[in-house]
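Before any comments, here is the structure.
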Amino acid sequence: MKNKNNKFVLATVIPLFTEVAIFMVIPIIGTLLISFMDYSPLRDSNMFVGIENYKALLTDESFIIALKNTLFFTFVAVAINIVISLAIAFLISQLRSNKTRSFFRMMMFLPCIAPMVASSVVWVRTIFPKNGLLNQLLIALGANAISFTGDANYLMSSVIVFTLWADLGYNIILFCAGIDGIPTDIYEAAELDGASQLKRFFKITLPLLARTMAFVTLMTLISYFQMFAQFEVLAVKGGPKQSGLVLTSYIYKTAFGYRKMGYAAAISVVLFIVILIVSIIQKRMDKVDWEY
């Protein structure tokens with residue numbers, strides 16, 4: 001019996017480890033090695049340059065702008081995402097009917113089903129243009145039309161708004177699940193003690209959602225650092241004054257536009273390190289030690 005169990009475990013684990021090795025470990029090691037080379041797929045031989053690619057990043061204006069834009073987009077969008085998705089999830093959880101709650105969860109999740117590129121194209125052609133829906137609304141209210149994707153002052157805000165619309169559904173579902181998992185007798189006891197709905201939210205719901213909050217925040221941070229599709233569609237060529245240039249776009253442009261694979265690999269390693277540092281800090285900040 002023990003041998004059979006061991007064979008089953010091996011049959012289950014080996015394919016998983018093989019997949020991780022082929023699609024994660026080997027590419028990461030390969031990227032790290034390439035980052036120390038003046039590598040181009042068009043050349044027969046590629047020279048080892050040590051840390052020259054990393055030194056060049058320190059004086060690369062486009063890289064510094066892309067890094068700043070990435071950090072700004074990620075932290076602002078994640079913060080707004082968490083607040084809005086938690087608020088919507090809480091409101092949905094207050095509905096008494098299971099069918100009504102399921103309906104609203106489905107409606108909120110619908111934008112997540114559409115591919116990000118397709119959604120970006122729809123927004124850039126129907127909502128953000130000068131004759132688009134948003135500008136028609138502004139004109140109807142007596143305001144001037146805005147170039148949402150053509151003005152450096154509005155481009156990043158426009159990308160954040162679109163990203164929130166397209167991505168809120170995931171976190172709403174997760175928060176709904178977390179709220180539904182909180183025992184109802186805790187709320188009943190608080191209600192008997194005369195606690196208001198707002199007080200119950202801050203004193204019961206929010207503390208008991210700490211584990212869900214930690215998971216959602218970490219996953220959203222990692223996801224937003226790697227956002228690419230909407231920037232390629234909404235911020236063409238980095239947008240005006242490179243206001244929409246982020247690290248993922250700069251990696252793509254450097255690797256496939258300039259054919260500088262080694263330099264692009266160095267940027268990728270920096271992005272990996274940034275995500276790793278932020279993830280470690282966030283995980284240490286969100287240590288939760290409680291149980292129902």
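A few remarks follow.
- Sorted by Cβ density within 10 Å, fewest first, the residues L271, L33: L33, L271
- Cβ-to-Cβ counts within 10 Å put F202, F128 in ascending order as F202, F128, the fewest first.
- By the count of other C-beta atoms within 10 Å, a proxy for reagent exposure, Y39, Y187 are ordered fewest to most as Y187, Y39.
- Of every Cα-Cα pair in segment 46-118, the percent that sits beyond 16 Å: 71
- Neighbour net charge for R105 - beta-carbon separation under 13 angstrom, K R +1, D E -1: +1
- Radius of gyration and Dmax over the Cα atoms of segment 59-285, both given in Å: 20.4, 67
- Note on segment 193-236 and segment 90-115: Cα centroid distance 16 Å, given to the nearest whole angstrom.
- Screening the chain for whole DSSP H helices with an alpha carbon extent of at least 20 angstrom along the helix axis and a mean Kyte-Doolittle hydropathy of at least -0.5 yields 2-20, 61-93, 98-113, 155-180, 210-225, 261-285.
Readers should treat all values here as calculations from the given coordinates under stated rules, not as data from a laboratory. Here the structure is a predicted model, which means the values were calculated and not measured. Note: ideal-geometry Cβ built from the backbone for every residue, glycine included; neighbour counts use all protein chains shown.
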